[in-house]
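Enquirer: Got a structure for you, questions after.
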Amino acid sequence: MPIASYAATAPLSPADCALLQERGVITAANPLPCDRLQRVRFLHWDMKGQKAEGQLLVLDVVAQQVEALFAALYQAKFPLFSALPLEQFAGDDVQSMNANNSSAFNGRAITGAKSWSKHAYGVAMDINPLQNPYISFADDGGVNVLPAASAKSYINRNELRPEKTRRAGLVNESVVSLFAQHGFMTWGGDWDAPIDYQHFEIGSRRYINELIQLPLEQARVNFNQYAERYRSCSANEQGSLGEVRARCVAKVRQ
């Protein structure tokens, strides 16, 4: 079966946009209008190894790469607990995290700040929040883990441990590399504070604004070339997946 058959994209209808507004996922103040969003529907494996259906809302420019990414994740048998649109959680990111829901677009601010999150542009994704928590640090050394249920089971990131069962759904280097191959080159697991193991985004605000301002087909060509430059770099570098990714992201990311 061709890889693209596991996922498909479609524009949002006026009724879709009305529902997003009604549920508080998008407002008139959002930096990206609703008609710039597309829905990516895809098959995925759940935590029990069964096939399930999911969907994400993303910027129209990146939708084709997201479609290919989730088809690749399906073929790699990487499991997702669920991937439901944020209107089912009234745009509440904490509720979505507590439900271990993978998501993308949400017209919200950065966690703990006032500026727009890259989720509000449809160019960021959060994957299996329970297995891949968001960890922030207070000045006195205190630690906050979201979702809280992650604290006792998923702060340790080692996949293979003596006398421990392997935990499904952890974002590991092979998964991070797949995201990078499709243009999502920034991973929150590389950050120092906060550390956001669930979070992927495409790059800088300057690059995001550049893509949004270009005509759609030109922007898609630009983003596809961006992803291809990473793939070309990684095919010609030597070393572990982590070493190759670090070098190629440093060379390519905008």
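The values are calculated or read from the model by the stated rules, or taken from the named source; none is laboratory data. Every value quoted in this text rests on a predicted model; they were computed, and no experiment measured them. Cβ atoms come from the backbone with ideal geometry, glycine included; neighbour counts cover every protein chain shown. Just the protein is used for accessible areas: all its heavy atoms, side chains included, with ligands, DNA and RNA removed. Shrake-Rupley method; radii C 1.70, N 1.55, O 1.52, S 1.80 Å.
Enquirer: How big is the dipole moment of the chain about its Cα centre under a simple scheme where the beta carbon of each Lys and Arg is +1, that of each Asp and Glu is -1, and everything else is neutral? Debye, nearest 20, please.
Expert: Rounded to the nearest 20 debye, it is 440 debye.
Enquirer: Taking all protein chains in place and a 1.4 Å probe, what share, in percent, of the accessible surface of the range 150-200 do carbon and sulfur account for?
Expert: 49
Enquirer: While we're here: Distance between the C-alpha centers of the range 216-254 and the range 53-118? Whole Å please.
Expert: Comparing the Cα centres of the range 216-254 and the range 53-118, I get a distance of 22 Å.
Enquirer: With a ≥ b ≥ c taken as the square roots of the eigenvalues of the C-alpha gyration tensor of the range 128-188, please select rounded if a/c is under 1.5 and otherwise prolate if a/b is larger than b/c or oblate if it is not?
Expert: oblate
Enquirer: Here is a further query. Once you have a ≥ b ≥ c as the square roots of the Cα gyration tensor eigenvalues for the range 181-233, tell me rounded if a/c is under 1.5, and otherwise prolate or oblate according to whether a/b is larger than b/c.
Expert: Oblate is the answer for the range 181-233, as a/c is 1.5 or above yet b/c matches or exceeds a/b.
Enquirer: Roll a 1.4 Å probe over the protein chains and send me the accessible area per residue for the range 207-254 in Å².
Expert: Averaged over the residues of the range 207-254, the accessible area is 56 Å².
Enquirer: What is the magnitude of the charge dipole of the range 82-202 about its Cα centre, with +1 placed on the Cβ of each Lys and Arg, -1 on the Cβ of each Asp and Glu, and no other charges, expressed in debye to the nearest 20?
Expert: Dipole of the range 82-202, to the nearest 20 debye: 300 debye.
Enquirer: Out of L20, F78, L56, whose Cα points farthest toward the positive end of the dipole of the range 1-98 (charges: +1 Lys, Arg; -1 Asp, Glu; placed on Cβ)?
Expert: Positive-most Cα among the choices belongs to F78.
Enquirer: Tell me, what is the per residue accessible area of the range 1-97 in Å², probe radius 1.4 Å?
Expert: Here the per-residue accessible area is 46 Å².
Enquirer: Rounded to the nearest 500, what is the 222 nm mean residue ellipticity of the chain from helices alone, with -39500 (n - 2.57) per DSSP H run of 4+ residues and division by all residues?
Expert: -9500 deg cm²/dmol
Enquirer: Oh, and also: Determine the sum of side-chain charges near Q65: Lys and Arg each +1, Asp and Glu each -1, restricted to other residues whose C-beta is under 12 angstrom from that of Q65.
Expert: -1
Enquirer: Under the rule a/c < 1.5 gives rounded, and otherwise a/b versus b/c splits prolate from oblate, where does the range 1-97 land using the Cα gyration tensor?
Expert: Verdict is oblate for the range 1-97.
Enquirer: Next up: Tell me which residues come under 5 Å, amide H to amide H, from H199 once H is placed; ignore anything under 5 positions away on its chain.
Expert: Close amide H contacts, sequence-distant or interchain: I127, G188, G189.
Enquirer: Would you work out what percent of the accessible area of the range 1-120, with all protein chains in place, is carbon or sulfur (probe 1.4 Å)?
Expert: Exposed carbon and sulfur together represent 54 percent of the surface.
Enquirer: Shifting gears a bit: So, in the chain, how many Lys pairs have Cα atoms under 28 Å apart, if the pair is 8 or more places apart or on different chains?
Expert: 10
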